Amino acid sequence: ASSGTTEKKTITYGAEELEYETYEYSDNTQRAGWFMLFSWFWTTQFIIAVGQLTVALAVARWYFCRDKNVTGSSTAYAAFKTVLRFHLGTAAFG
């Protein structure tokens with residue numbers, strides 16, 4: 001099963017003839033490529049949004065905490081857990 005077709009072409013450059021091959025993708029392969037590009041953009045933006053939500057929630061928990069000695073590295077972990085449980089849809093839809 002091929003993804004497209006190859007075609008040999010020649011071009012004259014000065015006194016020399018140069019051969020090269022061109023490759024033309026099938027429609028199905030082109031659509032799959034566009035889908036993969038879209039998926040890559042969406043996934044990277046989703047990961048960035050989850051990171052931004054985690055940082056925002058960790059900072060909000062730290063800022064509104066009455067006793068600052070209670071906060072630590074567990075604040076970021078708890079913020080990440082909250083984002084995964086309650087806010088993935090927000091990250092997915094932007």
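The values are calculated or read from the model by the stated rules, or taken from the named source; none is laboratory data. These numbers were taken from a predicted model, which means no experiment stands behind them. Note: ideal-geometry Cβ built from the backbone for every residue, glycine included; neighbour counts use all protein chains shown. Protein only, heavy atoms only, side chains kept; ligands, DNA and RNA dropped before computing areas. Shrake-Rupley method; radii C 1.70, N 1.55, O 1.52, S 1.80 Å.
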Cβ-Cβ cut-off under 13 Å around residue 6, Lys and Arg +1, Asp and Glu -1: the net charge is -2
Contour minus Cα-Cα span, residue 67 to residue 45, at 0.36 nm per residue, comes to 4.5 nm
Given a 1.4 Å probe, the accessible area of the chain per residue, as a whole number of Å², is 87 Å²
In nanometres, the difference between 0.36 nm per residue of separation and the alpha-carbon distance of residue 88 and residue 35 is 16.9 nm
Binned at 10 Å starting from 0, the alpha-carbon pair-distance distribution of region 1-80 in whole percents comes out as 15, 20, 15, 14, 13, 11, 9, 3, 0
Expressed as a whole-number percentage, the relative contact order of the chain with C-alpha contacts under 8 angstrom and at least six residues apart is 22 percent
Net charge (Lys, Arg +1; Asp, Glu -1) of residues whose beta-carbon lies under 12 Å from that of residue 57, residue 57 excluded, is +3
The answer for trypsin sites (Lys or Arg not before Pro) in region 1-87 that fall in a DSSP coil and have at most 15 neighbouring Cβ atoms within 10 Å is 66, 68
In the chain the accessible area split gives carbon plus sulfur, as whole percent at 1.4 Å, a share of 61 percent
CD proxy, 222 nm, the chain: helix-only mean residue ellipticity via -39,500 (n - 2.57) per DSSP H run with n ≥ 4, per residue, nearest 500, stands at -20500 deg cm²/dmol
